[in-house]
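Chemist: Take a look at this one; I'll ask things after.
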Amino acid sequence: MSPDMNKASDGPARQLRLPGSVAEVEASPKGPEIGAFFDLDGTLVAGYTATVHTVDRLRRRQFGPGDFLRMTQLAVEYKLGRREIEALIEGGAGTARGQLAEDVEEMGERIFQQSVADQIYPEMRDLVRAHQHRGHTVVLSSSALTMQAVPVAHYLGIDHVVCNRFVVDEHGVLTGAIQQPVIWGPTKATSVQKFATEHDIDLRSSYFYADGDEDLALMHLVGHPRPVNPGPTLARVAERRGCAAAGSASRGSGGPLGRVRNLAALGSLGPVAAGALGVGVLTRSRRAGVNFLTRFWPETVLALSGVRLNVIGAENVNAQRPAVFLFNHRNNFDVFMVAALVRDNWTGVAKKELASNPLIGTLGRLLDAAFIDRDDTAAAVAALKPVEEAARKGLSILVAPEGTRLDIAGVGPFKKGAFRIAMAAGLPVVPIVIRNSDLVAGRNATTLHPGTVDIAVLPPVSVADWTVQNLRDKIEQIRGYYLDLLADWPATLDGRYGTAP
């Protein structure tokens, strides 16, 4: 096991109830009279959603030259102190004049799915969920427009949004104006006060998470201000008030160091592939070369990216080989983490669309992976035949039984293909439960962020008594292991999960 893959300690780690932590929220009183107000840009989401929207509209040529020049002028004047931020916000709203409100909402949802969802800080998402579990009234409060804020709120299950809203005429068309007052700084604070009064929220018992200096007024209103990635003034005020400032580094570019890490990780394929080719030529064995690649490249990518694996049950990886290794799928790098554990003598199953990817398709063909069409059951079954044969010859199989990457926190339905391979080849299945891979990469991310990912490798489960008749029940039993572990993550495994063949 590489130095970056540390086994968990025997006892559960005690989580400190630091201000701004999930543990603090979990220990707080329950009830809807406690509010939890979350800012958007820089707090829930890395970067600025307005920038993402502007770039998207420029690419699609939805900005007229006049609108673009006007927005550029307003931005420059604001930076020079010649304009208030309200003018910039109203100017942005003016560029949508004449559009149907429902079209703008659909655009906001599309941009969210394509560009914003992966920029949500998982640490902040966990805080939102913690407040929701305590029955607190969770509110997204932001100076952003509805097309930026509402999709994020829906995704996080936040029912209440305090933000800037377009004025819509009787035909459902945007007038180019914003409902007054424009929400920003002091007016954001008064808007939250109004919301609290209307919903019987006790602000002195409530929480507010924000990063901007403009939110100082709101920070003074709540009893539990929680600065996140704070600006300089907000950080100083927080320090004077004894408020611990939290930082989120799991999204965004990562700065110059992050870019260097990502370039190094990507560039590592060349030297490792050259070494694999040399091993293959010297040993006259294609599999020896492939094993060199799978043994060293995944670990190298994770190490150079600053990703550590905290592995529980690491001894189960080699308890019985070959095996069918199952893992829950959340991003493009889950397979790297599993491959770093399994190391060599394995192949895999992937969706058909990846076969045309220059990198993944090429690697998959080297590994003799099966690319299956999820929409064509007959073709998928036929594509799995070579994998079944490879399993009989001693190769382990890596499969994500959900079949696709999911945004949900739980576990999606399991498809039967992986389990049929295990039954046909007489191999045990080894569940690998990944708890928090979204901490280091979003669903569609192409780069990694530093962080520690928790993984549990369960004991091999025999399929000797599995039949066509009881297959669905057996699959649900395996899926239940994932649900149980993710709901109550352990420091150690006990005998509840699986039985060795």
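The values are calculated or read from the model by the stated rules, or taken from the named source; none is laboratory data. Since the model is a prediction, treat every value here as computed from it, not as a measurement. No Cβ is skipped: glycine too gets one built from the backbone with ideal geometry, and neighbour counts run over all protein chains shown. Accessible surface is based on the protein model in full, side chains and every heavy atom, while ligands, DNA and RNA are left aside. Shrake-Rupley method; radii C 1.70, N 1.55, O 1.52, S 1.80 Å.
Chemist: Using a 1.4 angstrom probe, figure out how much accessible area the stretch 397-483 has per residue, in square angstrom, rounded to the nearest whole.
Modeler: Working: 3110 Å² over 87 residues.
For the stretch 397-483, the per-residue accessible area is 36 Å².
Chemist: Oh, and also: Assuming R0 = 30 Å, can you tell me the calculated FRET efficiency for the pair T51 and R443, based on Cβ-Cβ distance, to the nearest 0.05? Before the final figure, lay out each step's value.
Modeler: Details: r = 21 Å, r/R0 = 0.68.
About 0.90, to the nearest 0.05.
Chemist: Given R₀ = 25 Å, what would the calculated FRET efficiency be for D200 paired with A177, taking r from the Cβ atoms and rounding to 0.05? Spell out each step's value before the answer.
Modeler: Values: r = 32 Å, r/R0 = 1.27.
FRET efficiency, D200 to A177: 0.20.
Chemist: Q179: net charge of surrounding residues, Cβ under 12 Å, Lys/Arg +1, Asp/Glu -1, itself excluded?
Modeler: Working: positive: R165; negative: E90.
Surrounding charge for Q179 is 0.
Chemist: Beta carbons within 10 angstrom, averaged per residue: use that to sort the peptides 194-200, 452-458, highest first. Before the final figure, lay out the partial values.
Modeler: On the way: 194-200: 13.0, 452-458: 21.7.
In decreasing order of mean packing, 194-200, 452-458 become 452-458, 194-200.
Chemist: Arranged from highest to lowest average of other beta-carbon atoms within 10 Å per residue, in what order do the peptides 341-348, 410-417, 270-277 appear? Before the final figure, lay out the partial values.
Modeler: Details: 341-348: 21.4, 410-417: 17.1, 270-277: 14.8.
Sorting 341-348, 410-417, 270-277 by mean packing, highest first, produces 341-348, 410-417, 270-277.
Chemist: Let me ask something else. Once you place label points 7 Å from the Cα toward the Cβ at Q320 and H154, how far apart are they in nm?
Modeler: So the two model labels end up 4.7 nm from each other.
Chemist: Can you order the peptides 124-135, 460-471 by their average number of other Cβ atoms within 10 Å per residue, highest first? Write down the numbers at each step before the final one.
Modeler: Working: 124-135: 18.8, 460-471: 14.1.
Ranking, from highest mean packing down: 124-135, 460-471.
Chemist: Among the listed pairs K351/K415; K30/K188; K352/K474, give every one whose C-alpha distance is greater than 19 Å. Could you put the intermediate results ahead of the total?
Modeler: On the way: K351/K415 13 Å; K30/K188 26 Å; K352/K474 27 Å.
The pairs that break the limit, which is 19 Å between Cα atoms, are K30/K188; K352/K474.
Chemist: Here is a further query. Can you pull the one-decimal nm distance between simple spin-label points at Q113 and D473, each 7 Å off the Cα toward Cβ?
Modeler: Placing both labels 7 Å beyond Cα along the Cβ direction yields 3.9 nm.
Chemist: Skip the ligands, DNA and RNA, and give the accessible area per residue of the stretch 254-355 with a 1.4 Å probe, whole Å². Working shown, then result.
Modeler: Details: 4340 Å² over 102 residues.
Ligands and nucleic acids excluded, the figure is 43 Å² per residue.
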